[in-house]
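Structure first, commentary second.
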Amino acid sequence: MSEADDLQNDLVTASTIIEWEFGDIIGHVGVRLPNDEGIAVKMLRAPQLPGAENWMMQFDMDGNKLSGDGTVPGEAAIYTRIFRAKPEVNAIVHAHANMCIVLGLAGVPIEGVHLASAKFGEGLPVYPVPTYVSDDEDGDAIARTLGDAPGLTINGHGIVTVGKSIDEACFTAVHMERTAKIIQAARLLGFDQVDGAFREEMAGNARKMSERQASINRPKVEHSDDWRYYTRKLERGEPWNRGWT
C-alpha cells in the first residue's frame, strides 16, 4: 500500500472519529499528498446522493479536480491557501462544531483550562466574519488569522484546525469542542477564566507528561494514544460514547 493510500485511510478514520464525537455534522478533513500530488479531502458526512457514501476527492493547489467522486468542495480554499501559506502544515480539519460556535458568538475564548487544552494558551483566534471560505481571498484571511495557533473559530460558522498529521489536526478539533463544552458548563457555575499562574502550571505539567512519555522505552508508534484508542473501538465495532454534550 502506498503512502497516499495510507493517508486516505487515515482520512476515513479521522472523519469517523469527528462525526461520532461531534454528532451529525457537516465538514471535511484534508491532507497534503506526498510528492506534490495535490490534496485529498474526505467529507465528514457524505452527501445524501446515490453512490456518494464514500465521498473522497483529490484536487490540486489551484482547486482543480484530479480524481474522486463528486465535485471539489466549495471551501477548497481552506486547504489550498493554508497549505500554500504554511509548509509545516500537512493536515486540516473544517467542522461545524456547535459549542465552539456558541463561545465564539458570546466572545468567550477557547483557552487552556485543562491539560488536553494547554496548547490553546490564552485563547485560540476567532475570525469575526461568518464567511463561507469560497475564494482565495477568504482562504488567505483565514490563514493570516490562524497565525501560529493550532486552530481557530470562524464566528457563526465553524472551526478550522491544522497539524503536521491527520491525527494531530483531528484531535485538536476534538479537544477544541470538548474544551468549549467544559468552559460553557463551568461558566454556568460562576467560572470566569483561569489566571496566568494556573495556565503556566498547567503548561508545565503538559510538558512533563510529554517528556515522560518520550522517555519511556517503548516501540515507536506512528499515531497518538488517542488515535489508537479510537481506531481499536472502530475495529471492534464498539458503540461510541460521546459523554455529556
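The table that follows gives values for the structure above.
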{"read-out": "Hits in the stretch 168-209 (condition: closer than 18 Å to P150 by Cα, among the polar types (S, T, N, Q) and out of contact with any Phe, Trp or Tyr (no Cβ under 8 Å at 6 or more places or on another chain))", "value": "T172"}
{"read-out": "Residues of the stretch 211-245 that turn out to be surrounded by 10 or more Cβ atoms within 10 Å (Cβ to Cβ), at pLDDT below 75 and in a helix (DSSP H, G or I), as a count", "value": "1"}
{"read-out": "Residue ID - surrounded by the fewest Cβ atoms within 10 Å (Cβ to Cβ), chosen from residues in the stretch 111-145 that are in contact (Cβ under 8 Å) with a residue 60 or more places away in the chain and assigned to a loop (DSSP other than H, G, I, E, B)", "value": "E122"}
{"read-out": "Complete set of residues in the stretch 62-110 that are assigned to a helix (DSSP H, G or I), among the β-branched types (V, I, T) and within 15 Å of the chain's Cα centre (by Cα)", "value": "I78, I82, I101"}
{"read-out": "Single residue of the stretch 17-38 satisfying the filter (modelled with pLDDT of 90 or more and within 16 Å of the chain's Cα centre (by Cα)) that is surrounded by the fewest Cβ atoms within 10 Å (Cβ to Cβ)", "value": "R32"}
{"read-out": "Counted residues, the stretch 162-189 - those being open to solvent by 50 Å² or more (accessible area, probe 1.4 Å) and in a helix (DSSP H, G or I)", "value": "6"}
{"read-out": "Matching residues in the stretch 65-88 - criterion: being open to solvent by less than 10 Å² (accessible area, probe 1.4 Å), hydrophobic (A, V, I, L, M, F, W, C) and touching a Lys or Arg at 6+ places or on another chain (Cβ under 9 Å)", "value": "F83"}
{"read-out": "Residues of the stretch 150-161 that turn out to be open to solvent by 10 Å² or more (accessible area, probe 1.4 Å) and closer than 27 Å to T231 by Cβ, as a count", "value": "1"}
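The values are calculated or read from the model by the stated rules, or taken from the named source; none is laboratory data. Please read these numbers as outputs of a predicted model, since none were measured by experiment. Ideal geometry is used to build each Cβ from the backbone, glycine not excepted, and the neighbour counts take in all protein chains shown. Surface areas here come from the heavy atoms of the whole protein model, side chains and all, with no ligands, DNA or RNA. Shrake-Rupley method; radii C 1.70, N 1.55, O 1.52, S 1.80 Å.
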